[in-house]
Amino acid sequence: MSRIVIHVDRLVLDGMGQLDRGRVGAGLTRELTRLLRARAPGALSGAARIDAGTVRLPAQASAHGTGGAIARAVHGALKGSPKGGSHV
């Protein structure tokens, strides 16, 4: 099995209020790990940086749900999914 190492240099959580940022990070890690194990991108370009776009969430999003949504955006960016319209 190949090993993929991802380092998140900066995670901007504007407008998140009292949401527990540690739980958001844990949710992101858990969901991204699950997605990569299930559907690892075929050929990673070795890019030093990716842009997963903007993740729009409902006002009442939980920390876990927020982390999961961010993970899905990152996974999509790793697969080279086009970003356009509303980013999720």
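Readers should treat all values here as calculations from the given coordinates under stated rules, not as data from a laboratory. Computed from a predicted model, the values in this text were never measured in an experiment. Note that we place each Cβ from the backbone using ideal geometry, even for glycine, and neighbour counts take in every protein chain shown.
A few notes on this one:
- A protection proxy built from the mean count of other Cβ atoms within 10 Å ranks the segments 25-35, 65-75, 49-59, most packed first, as 65-75, 25-35, 49-59.
- Residue 65 sits among other residues whose Cβ lies under 13 Å from its own Cβ, and their net charge, with Lys and Arg +1 and Asp and Glu -1, is +2.
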